[in-house]
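Participant: Here it is, the structure in full.
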Amino acid sequence: MIKGENKKEQSMDFAQITFTGLTTLSSISILLIATLGLAVIFGMMGVINLAHGEFIMLGAFVTLFSTQAGVPFVLSLGLSFVALAIYGAVIEYIIIRHLYGRLFDTLLATWGIGLVMYQGAILLFGSYTSGIGLPAGTIGIGKYTMSSYFGILILVSVILTATVYLIFVKTKYGVMSRAAIQNPQMAGSIGIPTKKINTITFSFGSGLAGLAGGLLVPAFPATPDMGVAFVSKAFLAVVTAGPMIISGAVTTLIGVGGVSSISGIIFTSVIGDVVFFTITILILRFFPTGVSGGWHGKL
Amino acid sequence: MKTSIKALTTAIAISSAVPGMLLAEDTVKIGALHDLTGSFNIYGIQQSEALKLAVKKVNEDGGVNGEKVEVIEYDTQSDDARYTQYANTLIIRDQVAAMFGGLASSSREAVRPVAHQNETIYFYSALYEGGVCDKYTFLTGVTPSQQLGVMLKWAKEEYGDKVYVVAPDYNFGTISAHWVNEYAEEYGLEVVGEDFLPVSQSDFSSTLQQIQTSEPDFVVALPVGSRQTSFYEQFSAAGLKDRIGIISTNYGSGNQQVVVSANAGEGIVASQNYFQVVDTESNSEFLEMWEAEYGEISDPIISEANDTWNAVMLWAEAANSAGSSESDAVIDQLLNGVELDSPEGKIKSLPSNHLMHQVYLVEGDSNHSFNVITKYEDVMPEYEQSVCNLLEDPSVSRQFSPGS
């Protein structure tokens, strides 16, 4: 009798711990998906895109409208990527390229772009848009269940991060773009078209933001301010990442996002947020060059 | 000093000498503070439309004491600082007889002291956490003591005894959560857990796990703003809606039922004094007028629109029976009880500067709308009435909250 009871309690604890792991992974993967585009643009160009949240929002609306028009969800995601990549290239060509090397000016310009996009979205789409909703289906461990879509997002975030990493490490474009950020003059003098590379990078980062919007729109209803929810943490992850931008951002998000999610589960959501920002501040205090400051690696 | 008195007497002399000439152009000005831009414009735009519609109706019916009502409106941009600024502008420069508007409780608290100091009546028209007691601030929205009591009693019957509270981390959320605890004790419910959400939060995985750990029979969900609306989506997708009930005092007030998917919205229970589906004669007239003025209704009319309409109507009624639109005369009428037929049904002003309301318990359907489950008639703001009597003590100016 006593044995049986013990066993039951143990299995409950096991379910709870496993499920906590799953919840934490899902929170990290959402942040990671929302951060990648920003990380690429900052890491490869030294530009902080303050309109990143609005890029995510626009991508969300592209997926939303094309799904509602009958396009399959996966294809709609592709559309979001392509649409935002084109949009990003245009923005880079018209505005960003004139401001390279002027960090504060690009901050101001992208912030302005964000404001215009936000109010534009309110005027165009209105404040209420019906969401597409999450697909049915749940993953269960013991008495706990979560939406299976969040499980899928975990896999997607891993695949997406690996793809971005490989593009910058293995392809010719990737090598050239890293050369362009590390030593622009040297890169230019050996014939790397740095301007063209920058346009491609900004476009690629924007496309990733669009894809993120598409991936997130089932769980987070599309509203003009939906991107704002993710960007503050994405910015902090990118800033604390340091020179190895992709691996640094992944490390930060797993570490800080993980601890914050777990404290959210144990205590309250507010404490989870406090923990996130406190750890970030501590990291920047003790590793002023970011977590990857002393690392030897490619990205 | 001497010249100004002289100028004043001359002015009075002139105006009393030619009353007929001025009468044709005489208007009484009212001020409106609405969030026409920024994140609260999902409420502000409808509040503004409702106010103008109500003023039009008042003017068609002969105006206030024979004068036409004129609206001076400022866009407060969802920014509390603008509320203070424009409230001052309305009073000092525009010299309005009354002020209307405000959505977030913080914006109301920005206007309230300005109204009180200048002894100008201010109507706040949104559901809120309750407890404000101030002669110059009249609250036409519904309060927790009108919504939560009836709803928790109903939920106990329907779902069971164990309740979990999810609320935003600012005064509306924390005070409402406090109310849930008070009523839980009264009705023999057990609060098995609470989570307060940062306003920027939109990933609710942690909260959903906590809910599952505490195994409640139902959840009181009070998310505010478009980002927190995703709570309903994620709650439903995690499969919790099948085994845990979900009730809310503010679901629908920002048309959340339109934003969430049809699946997620089905079965969410809410209680307020007005939903567009409310079936009263005055509501059909109200909706007809709305369509005649603004065309076909695409976004459902929210309770704040009803509350704003009621504010204008109450003010006009009180000013007409007082024979003056002076704030103190209007307030005197309101404190002694003005009764009106409104879109929600019968309303009556009370000595706590709140309203007796009709409260509707509704359930989300599978088509982004609601079905009415029950109507609670003539519900009093018990708490506000118990702590606040402005007829007896008109000098009070504070917000009461349970435990304070």
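Participant: For region B:26-33, does any single residue satisfy the condition of being surrounded by 18 or more Cβ atoms within 10 Å (Cβ to Cβ), at pLDDT below 95 and closer than 30 Å to B:SER200 by Cα? Quick ask: steps written out before the conclusion?
Facilitator: Our first condition is that a residue be surrounded by 18 or more Cβ atoms within 10 Å (Cβ to Cβ); within region B:26-33, this holds for B:28, B:30-33.
Applying the additional criterion that residues be at pLDDT below 95 yields none.
Within region B:26-33, not a single residue is surrounded by 18 or more Cβ atoms within 10 Å (Cβ to Cβ), at pLDDT below 95 and closer than 30 Å to B:SER200 by Cα.
Participant: A:PHE235 - would you say it is within 14 Å of another protein chain (Cβ to nearest Cβ), out of contact with any helix residue (DSSP H, G or I) (no Cβ under 6 Å at 6 or more places or on another chain), in contact (Cβ under 8 Å) with a residue 12 or more places away in the chain and in a helix (DSSP H, G or I)?
Facilitator: When the stated conditions are applied, A:PHE235 passes them.
Participant: Since A:PHE104 meets every condition but one in (1) modelled with pLDDT of 90 or more; (2) loosely packed, with under 14 Cβ neighbours inside 10 Å, which condition does it not meet?
Facilitator: (1)
Participant: Taking A:LEU253, is it aliphatic (A, V, I, L, M), more than 30 Å from A:ILE167 (Cα to Cα) and part of a helix (DSSP H, G or I)? Before the answer, list the steps.
Facilitator: Values: aliphatic (A, V, I, L, M): yes; more than 30 Å from A:ILE167 (Cα to Cα): no; part of a helix (DSSP H, G or I): yes.
It is false that A:LEU253 is aliphatic (A, V, I, L, M), more than 30 Å from A:ILE167 (Cα to Cα) and part of a helix (DSSP H, G or I).
Participant: Kindly state which strands (runs of 3 or more DSSP E) lie completely within region B:318-403 and contain at least 2 residues that are in contact with a Phe, Trp or Tyr (Cβ under 7 Å, 6 or more places away or on another chain) and closer than 30 Å to B:VAL180 by Cβ.
Facilitator: Details: elements: B:339-342, B:345-349, B:355-364, B:370-379, B:397-399.
Here the list reads B:355-364, B:370-379.
Participant: Pick out, from region B:150-227, the strands (runs of 3 or more DSSP E) lying fully within it that include 2 or more residues that are at pLDDT 95 or above, more than 10 Å from chain A (Cβ to nearest Cβ) and surrounded by 23 or more Cβ atoms within 10 Å (Cβ to Cβ). Before you say what the answer is, go through the steps one by one.
Facilitator: Details: elements: B:162-168, B:190-197, B:218-221.
Fully inside region B:150-227 and qualifying: B:162-168, B:218-221.
Participant: Can you find a residue in region B:265-277 that is farther than 20 Å from B:ASN65 by Cα, within 14 Å of another protein chain (Cβ to nearest Cβ) and in a helix (DSSP H, G or I)?
Facilitator: Yes: region B:265-277 contains one or more residues that are farther than 20 Å from B:ASN65 by Cα, within 14 Å of another protein chain (Cβ to nearest Cβ) and in a helix (DSSP H, G or I).
Participant: If you take the residues of region A:251-276 that are more than 12 Å from every other protein chain (Cβ to nearest Cβ) and crowded, with 24+ Cβ neighbours inside 10 Å, which of them is nearest to the chain's Cα centre (by Cα)?
Facilitator: A:LEU253
Participant: Take B:LEU240 and tell me if it is within 13 Å of chain A (Cβ to nearest Cβ), in contact (Cβ under 8 Å) with a residue 12 or more places away in the chain, more than 27 Å from B:GLY130 (Cβ to Cβ) and not in a helix (DSSP H, G or I).
Facilitator: Details: within 13 Å of chain A (Cβ to nearest Cβ): yes; in contact (Cβ under 8 Å) with a residue 12 or more places away in the chain: yes; more than 27 Å from B:GLY130 (Cβ to Cβ): yes; not in a helix (DSSP H, G or I): yes.
Yes: the conditions hold for B:LEU240.
Participant: Taking A:ALA219 as the residue in question, decide whether it is within 14 Å of chain B (Cβ to nearest Cβ), of a type outside the set (Lys, Arg), within 24 Å of A:VAL116 (Cα to Cα) and touching a Ser or Thr at 6+ places or on another chain (Cβ under 8 Å).
Facilitator: Answer is no for this residue.
Participant: Could you tell me which of the residues A:GLY88, A:GLY53 is of a type outside the set (S, T, N, Q), at pLDDT 95 or above and either within 18 Å of A:ILE246 (Cβ to Cβ) or in contact with an Asp or Glu (Cβ under 9 Å, 6 or more places away or on another chain) (or both)? Explain how you work it out, then say what you get.
Facilitator: Details: A:GLY88 fails: either within 18 Å of A:ILE246 (Cβ to Cβ) or in contact with an Asp or Glu (Cβ under 9 Å, 6 or more places away or on another chain) (or both).
None of the others qualify; the one that does is A:GLY53.
Participant: Please go through region A:129-155 and give me each residue that is buried (at least 18 other Cβ atoms within 10 Å of the Cβ), over 20 Å from A:ALA212 (Cα atoms) and touching a residue at least 40 places away in the same chain (Cβ under 8 Å), ordered by number.
Facilitator: Within region A:129-155, A:ILE139, A:TYR144, A:MET146 qualify.
Participant: Of all residues in region A:123-149, count the ones that are in a helix (DSSP H, G or I) and within 7 Å of another protein chain (Cβ to nearest Cβ). It would help to see each step written out before you state the result.
Facilitator: Applying the first criterion (in a helix (DSSP H, G or I)) to region A:123-149 yields A:123-125, A:148-149.
From the residues that got through so far, the ones that are within 7 Å of another protein chain (Cβ to nearest Cβ) too are A:149.
Adding up the residues that qualify gives 1.
Participant: Would you say B:GLU190 is among the charged types (D, E, K, R), more than 27 Å from A:GLY227 (Cβ to Cβ) and touching a Lys or Arg at 6+ places or on another chain (Cβ under 7 Å)?
Facilitator: Working: among the charged types (D, E, K, R): yes; more than 27 Å from A:GLY227 (Cβ to Cβ): yes; touching a Lys or Arg at 6+ places or on another chain (Cβ under 7 Å): yes.
Criteria met by B:GLU190.
Participant: OK, next. Could you list, in sequence order, the residues of region A:198-232 that are in a loop (DSSP other than H, G, I, E, B) and among the β-branched types (Val, Ile, Thr)?
Facilitator: First, pick out the residues of region A:198-232 that are in a loop (DSSP other than H, G, I, E, B): A:217-227.
Those that are in a loop (DSSP other than H, G, I, E, B) and among the β-branched types (Val, Ile, Thr): A:VAL217, A:THR223.
Participant: Now for a separate question. Looking for whichever is closer than 22 Å to B:THR213 by Cβ and at pLDDT below 90 here; the options are A:GLY142, A:GLY131. Which one fits?
Facilitator: Of the residues listed, the single one that is closer than 22 Å to B:THR213 by Cβ and at pLDDT below 90 is A:GLY142.
The values are calculated or read from the model by the stated rules, or taken from the named source; none is laboratory data. In this text, all values refer to a predicted model and were calculated from it rather than measured experimentally. Using ideal geometry, Cβ is built from the backbone for each residue, glycine included, and neighbour counts are taken over all protein chains shown.
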